[in-house]
Amino acid sequence: MENQAGSAYKWWQNGVIYQVYPRSFKDSNDDGVGDLNGIRQKLDYFTWLGVDAIWLSPIYPSPMADFGYDISDYTGVEPVFGTMSDFDALLKATHEKGLKLILDLVPNHTSDEHPWFKEARSSRDNPKRDWYIWRDPAPDGGPPNNWISHFGGSAWTLDETTGQYYLHLFDVKQPDVNWRNPQVREAIYNVMRFWFDRGVDGFRIDVLWLLIKDEQFRDNPPNPDWNETKQAYQRLLEKYSADQPETHQIVKEMRQIANSYPDRVLIGEIYLPYPELMTYYGPNLDEAHLPFNFRLVELSNWEASTIQEIVNQYEAALPEGAWPNWVLGNHDRPRLASRVGPEQARVAQMLLLTLRGTPTCYYGDEIGMHDVEVPPELTVDPRGLFDHRYSRDPVRSPMQWDASPNTGFTGPNVKPWLPVAEDYSTVNVASEREDSSSMLSLFRRIIELRRNLPALKIGSYQVVESSSATVFSYIRQHAQQKVLVVLNISSQPQEISFKGLGENGAEILCSTSLDNQQKLNNLQEVRLRANEGLLILLP
């Protein structure tokens, strides 16, 4: 098999990536927090499910101000998750199962408890001072400019000892490093080499588009579209604090390091419109392998016409030879089932797993987990502590394994670090494995089809116009194999006709209900139930 660029397809093109939030996946030692040994205990689940790679949110030593995204040691393992020998055992077992392991790289900021920052803030003339971003106060003594932290409030905090402000685009305990300093670059590149040498298969790179800041630190302009429903930092357009041209040189250098190891992948977290997002593939496809495509995660109106427009725009914008990818959920955004409802969540999973490119799945979405209500007094997320409306705790609740107390995540007499969903007795892996019509069974069935049908795995994408405005349809084709995907993005039954696709002998491979045995003599009359998707093998 060959792609447009002429090289063999890679595992990260063929495969399905599964995101694990380690604190919430499986607690092996009954302290209420998930850990590496818990993940290792569940490796058979991943192989049964049919996914190909596991991406772990940060596992490094951390004071946990932002639950691992505030790192105090880039080359260690946080004790709450285990030891380095636990990690090595997990990596070895993962590879023995034929799976890949991807780590989170967090290069934009460290913890304020990292030794680098402790040195940097000790005095203005410390050799590591320039490893972070410091500015004198404004003439009135206030912050150097108007930049806003993504967690709310000023992005600048005054360091009383040295009389300067340091920049933190996130929590006050997450100072941004200075990527214009060559020593910083080399230090982070050595972190990449450390884990690649250990055998890690790739990195998901946190907030990749924020690494470089405007050299003049100019004020960001106001956002004319801001309103009270949006987060505080969105009051301003991040013209000078994000997506600076010099960022691309850094991504190229990261890619060169990855390329010096066999078969590694770099995935970039980038929240940008498509034209800007595409530049992170690089002019010669020499930057990120997969700049994350979050449009379906961000979509507020789940309608067939909007989804079709998004997919077509993305396909049209991709540079020649660039590999697409799709995401429906992650640790920062409301869960799929809470956004679109449990019925449409099944259709959405069929969409994710049949669009062209690499899908990334968020833990628990495969069983239909929803946002769990976490009251203000139990909130731990720093973003939620600033504004409870935007807390990410509800999407990070413990994985629902079975109907036992604490849903099998931790011991029955242990308090989990976040509350467990009230519906865990029915929405859990054990129950859904036994139910041939469950969300989990559907997820596994589509992955099985994807694995066995080149059309779904590596085939081309072509939209197909249907006679219903609430149906999104497309064909995936490889060689002579064609699979028609028909998705009813509504709660009403639809009867649709596909002109020019009326050949006899079409076969339904899968319905989102997993019970549709409808015989298709032709495609002039295809009946869809409410919230139903179909995969149809064309003759």
Which condition number in (1) surrounded by fewer than 20 Cβ atoms within 10 Å (Cβ to Cβ); (2) of a type outside the set (S, T, N, Q); (3) without any contact (Cβ under 8 Å) to a residue 60 or more places away in the chain; (4) under 23 Å from Gln400 (Cα atoms) is the one that Asp31 fails?
-> (3)
Spot the failing condition for Pro375; the list is (1) open to solvent by less than 10 Å² (accessible area, probe 1.4 Å); (2) over 30 Å from Ser513 (Cβ atoms), and only one is missed.
-> (1)
Of the residues that make up the stretch 403-420, is at least one in contact with a His (Cβ under 9 Å, 6 or more places away or on another chain) and aliphatic (A, V, I, L, M)?
-> no
Tell me which residues, restricted to the stretch 127-155, are open to solvent by 30 Å² or more (accessible area, probe 1.4 Å) and part of a loop (DSSP other than H, G, I, E, B).
-> Pro127, Lys128, Asp136, Pro137, Pro139, Asp140, Gly141, Pro143, Pro144, Asn146, Gly153
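Considering each of Gly38, Gly68, Gly98, Gly34 in turn, give the residue that is under 30 Å from Asn452 (Cβ atoms) and of a type in the set (Gly, Ala, Ser).
Criteria check complete, one pass: Gly98.
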What is the number of the single condition among (1) crowded, with 18+ Cβ neighbours inside 10 Å; (2) closer than 25 Å to Arg445 by Cβ; (3) more than 15 Å from the chain's Cα centre (by Cα) that Ser338 does not meet?
-> (1)
Of Asn259, Asn301, the only residue that is over 19 Å from the mean Cα position of the chain (by Cα), open to solvent by 10 Å² or more (accessible area, probe 1.4 Å) and at pLDDT 95 or above is Asn259
Out of contact with any helix residue (DSSP H, G or I) (no Cβ under 6 Å at 6 or more places or on another chain) and either open to solvent by 20 Å² or more (accessible area, probe 1.4 Å) or of a type in the set (S, T, N, Q) (or both), is that true of Thr75?
-> no
Residue pairs within 9 Å by beta carbon, gap of at least six or interchain, first lying in the stretch 454-483 and on the phi > 0 side of the Ramachandran plot, second open to solvent by less than 40 Å² (accessible area, probe 1.4 Å), listed first then second, are Ala479/Ala455; Ala479/Gly459
Since Gln344 meets every condition but one in (1) among the polar types (S, T, N, Q); (2) open to solvent by less than 10 Å² (accessible area, probe 1.4 Å); (3) assigned to a helix (DSSP H, G or I); (4) touching a residue at least 60 places away in the same chain (Cβ under 8 Å), which condition does it not meet?
-> (2)
In the stretch 272-294, what count of residues is obtained for those that are farther than 22 Å from Asp197 by Cβ and open to solvent by less than 40 Å² (accessible area, probe 1.4 Å)?
-> 13
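If you check Val420, Val395, which single one turns out to be aliphatic (A, V, I, L, M) and either more than 22 Å from Leu336 (Cα to Cα) or touching a helix residue (DSSP H, G or I) at 6+ places or on another chain (Cβ under 6 Å) (or both)?
It is Val420.
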Selection count, the stretch 156-194, where residues are of a type in the set (A, V, I, L, M, F, W, C), surrounded by 17 or more Cβ atoms within 10 Å (Cβ to Cβ) and in contact (Cβ under 8 Å) with a residue 60 or more places away in the chain | 8
Of the residues in the stretch 488-513, those that are modelled with pLDDT of 95 or more, open to solvent by 50 Å² or more (accessible area, probe 1.4 Å) and either in contact with a Lys or Arg (Cβ under 7 Å, 6 or more places away or on another chain) or not in a loop (DSSP other than H, G, I, E, B) (or both) come to Pro493
Before we move on, is Asn531 touching a strand residue (DSSP E or B) at 6+ places or on another chain (Cβ under 9 Å), surrounded by 14 or more Cβ atoms within 10 Å (Cβ to Cβ) and at positive phi?
-> yes
Residue satisfying all of: in the stretch 383-410; closer than 25 Å to Val297 by Cβ and acidic (Asp, Glu); surrounded by the most Cβ atoms within 10 Å (Cβ to Cβ) among these = Asp393
So, of the residues in the stretch 34-64 that are in contact (Cβ under 8 Å) with a residue 60 or more places away in the chain and part of a helix (DSSP H, G or I), which turns out to be most open to solvent (accessible area, probe 1.4 Å)?
-> Trp48
When you look at Gln349, is it under 17 Å from Tyr18 (Cβ atoms) and without any contact (Cβ under 8 Å) to a residue 40 or more places away in the chain, yes or no?
-> no
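Mind checking which residues of the stretch 117-126 are in contact with a helix residue (DSSP H, G or I) (Cβ under 6 Å, 6 or more places away or on another chain) and surrounded by 19 or more Cβ atoms within 10 Å (Cβ to Cβ)? Quick ask: steps written out before the conclusion?
As a first pass, look at the stretch 117-126 and keep what is in contact with a helix residue (DSSP H, G or I) (Cβ under 6 Å, 6 or more places away or on another chain): 120, 126.
Of everything in the stretch 117-126, just one residue is in contact with a helix residue (DSSP H, G or I) (Cβ under 6 Å, 6 or more places away or on another chain) and surrounded by 19 or more Cβ atoms within 10 Å (Cβ to Cβ), namely Ala120.
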Members of the stretch 414-443 found to be in a loop (DSSP other than H, G, I, E, B) and touching a residue at least 60 places away in the same chain (Cβ under 8 Å), listed by number = Val414, Lys415, Pro416, Trp417, Leu418, Val427, Asn428, Ser436, Ser437, Ser438
So which residues in the stretch 223-254 are more than 20 Å from Ser149 (Cβ to Cβ) and either assigned to a helix (DSSP H, G or I) or among the β-branched types (Val, Ile, Thr) (or both)?
-> His248, Gln249, Ile250, Val251, Lys252, Glu253, Met254
Look at the stretch 444-487 and say how many of its residues are in contact with a Ser or Thr (Cβ under 8 Å, 6 or more places away or on another chain), within 12 Å of Arg356 (Cβ to Cβ) and assigned to a helix (DSSP H, G or I).
-> 2
Would it be correct to say that Glu366 is open to solvent by 20 Å² or more (accessible area, probe 1.4 Å) and charged (D, E, K, R)?
-> no
Can you run down the residue pairs with Cβ atoms below 8 Å, 6 or more apart or on separate chains, where the first is in the stretch 305-316 and part of a helix (DSSP H, G or I) and the partner is open to solvent by 20 Å² or more (accessible area, probe 1.4 Å) and not hydrophobic (A, V, I, L, M, F, W, C)?
-> Ile310/Arg295; Val311/Tyr461; Tyr314/Arg295; Glu315/Arg356; Glu315/Tyr461
From the option list Asp197, Asp225, single residue qualifying as surrounded by fewer than 15 Cβ atoms within 10 Å (Cβ to Cβ), under 25 Å from Asp86 (Cβ atoms) and acidic (Asp, Glu) is Asp197
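The values are calculated or read from the model by the stated rules, or taken from the named source; none is laboratory data. Keep in mind that what you see is a predicted model, and the values were worked out from it rather than measured. Every residue, glycine as well, gets a Cβ built from its backbone with ideal geometry; the counts of neighbours run over all protein chains shown. When the accessible area is computed, the model is the full protein with side chains, heavy atoms only, and any ligands, DNA or RNA have been set aside. Shrake-Rupley method; radii C 1.70, N 1.55, O 1.52, S 1.80 Å.
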